[in-house]
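Some notes on the structure that comes next.
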Amino acid sequence: MNDRRRFDHAVADWLDDGSDATPPEVIDAVLLAVRSTPQERDFRFPWRTSPMKHLAYAAAAVAALAVGVAALSALSPRFGIGLGPTPAATIQQSPAPSPRSEAEQIIAEGSLESFAATESGAVLTVWGTCHNFGDTDCGYAWRLGTGSHTQATGMVGRGDARVDAFAASGGGFVLTGAGQSGPDRGFLIAEDGAASPISTECHDASWPTSTEPRRLVWAAGLNFVDTVTGAVCHSGRLGGRPLARGAFTADGALWALVDNETAPDTLTIGRYDGVGWRYRDLAAVGGAWTSVLAAAGSNVVVLQAAPEPTPQQLVGLSVTTDAGATWSEVVDPEVLDSALPFSGFRSPDSQDWFSGYTSMAFAGSSVLYVADGRGDLWRSTDFTTFSHVEVPGWVSELKPTGDAVIARIGDGAGCRYPAACQLNDLVRISADGSVEPIKAR
Amino acid sequence: MDRDVVERARSGDQEAFADLAHQVSDTLLGVARRILRDPALAEDVLQNALLTMWRKLPHLRDADRFEGWAFRILVHACYAEAPRNRRWASTIRVLHTDVASDVDDIQMISDRDELERAFRRLPLDQRAVFVLHHYVGLPLVAVAKTLGIPDGTARSRLHYATRALRAAFDLAQAPQDLREGRTA
């Protein structure tokens, strides 16, 4: 055998070494996470609007938009919705745009990618103009605001990426980005608008033995973020069974849905206290399909849904108010239907359906809000019965911030369901149910 | 790849995506393992890549291009995840000495070990081109298209990777005294 053939043979032998069978728990955890993860929608082609679409929604959306534009324009005419500088004007004024003007252009034209808020009222929004995987002629920018005041703006990067914003435990914000333009880049943004670049690498990340309060937050996919350093780590770093989706409480405990290797149809929840894991199987609901959870203090609520007969129909509700010592669980369909009228997103012609995005967040630790994926918002203080909250527009995403939650909303123009819409506005919803618009850009 | 399954997953059908994930996971895991040289990290990357695919499926224009699109997402997930976890990357490899019964077996282990060490020293972008070309079997033009890089860039990355591995392989073939710098 000559040298070249010997080399080729050795390389082939070396590359073929080992098994590539995927462990079932690896896929199961992904599929569990998929069930509560919305797909990004392609906004280049508007979704056909159903003739059966609720007229009430349309009317409310138009009214809400008018009210929102008027209110926000009054707060700050320069930054009112749709009143920002046009790209043509910006380019004419500055043939070689500075980073600041580029950021402002993206904020004016882009879609809301992520947001976060601190208890002091500062709100960070991230805007992007990339709509396709691999796009390079686009970018992401951030805006920090308090009330109607724009405090600072800046560029995150160019090219398709996944950018997420988080409130940092010590004040300010963490921005993480994963994409072509810099997979390990991020920014720490102080509440005065000062931005410092950080590495989001996980390799040197470490935490105290007991999880530090407010330090770790759940991120996109199966990752979590250290809000002090910006490190983004895969949930496998926390040990235990493969995690599907989790939520850290303010005292640092993590509650997460976990893969159940022995009984795939059983939904299992785990609690990580910084040292070890405790698991509990939730009430069997005949093949729970998806679930979302929210946790605050000793309160944890898990909504379970199933694909049939209607996608995302609520089939189980598990609640603990003593950090998991005891659970109350509801699986009776009639009770569930009256507790929280979840239903699916099957299109009027029943030809297709969307995976609705149900989001939950606590305002403080005693009031729970649920955005049901159809765009409706619900409030509960006993975590088993829910009352409807009027919000001007469809609601798609909730994030806790102290004793309130921030909700992403929009008018849903040109699309059938909130999960398929661009929703670019924010409102703050207090524990008492009052709703206040937030200037997002 | 079943085009219908891709189409249904693209429309938000989670069961279709589950089928898709099962169909592609072994291949994708194989690629990730070979690029990263760390089985546990490769599983993490596979999970993140599959979730990215789910989120971004509506942007996939042509269902027939799913496989290349999936490779591209996976490789970017490798880029994103590998540096974060460098400390965790295994640097110790278990050699199965019980099968090394003769000189050829020992030489084979030595070859693999040198290739492994040399490969770990390569930048991730060179590793990705090498694995897609030699392990998956994609022509270089397809590798370039999959990764979204010019043909010449793919060619040069493959060249540098091959040259480094070849140098390491040649070193493993050299007599022991030569490797240690002794001359007669």
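The numbers here are math on the coordinates, done by the rules we state, and not lab data. This structure is a prediction, so every number in the text was calculated from the model and none was measured. Here the Cβ is made from the backbone with ideal geometry for all residues, glycine too, and neighbour counts use every protein chain on show.
The figures follow:
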| quantity | calculated |
| --- | --- |
| Residue-count net charge about A:Phe7 - beta-carbon cut-off 10 Å; Lys, Arg +1, Asp, Glu -1 | 0 |
| Shape box of segment B:39-83 [Cα atoms, principal axes, largest first, Å] | 31, 16, 15 |
| Förster radius 30 Å - calculated FRET efficiency between B:Arg163 and B:Met1, Cβ distance, rounded to 0.05 | 0.30 |
| Sequence ranges B:28-41, A:111-124, ranked by mean other-Cβ count within 10 angstrom, highest first | B:28-41, A:111-124 |
| Proxy reagent accessibility, fewest Cβ within 10 Å first, across B:Met53, A:Met155, B:Met1 | B:Met1, A:Met155, B:Met53 |
| Karplus (6.51, -1.76, 1.60) ³J(HN,Hα), θ = phi - 60°, over segment B:30-40, in Hz, Gly and Pro reported as x | x, 5, 4, 4, 6, 6, 8, 6, 8, x, 5 |
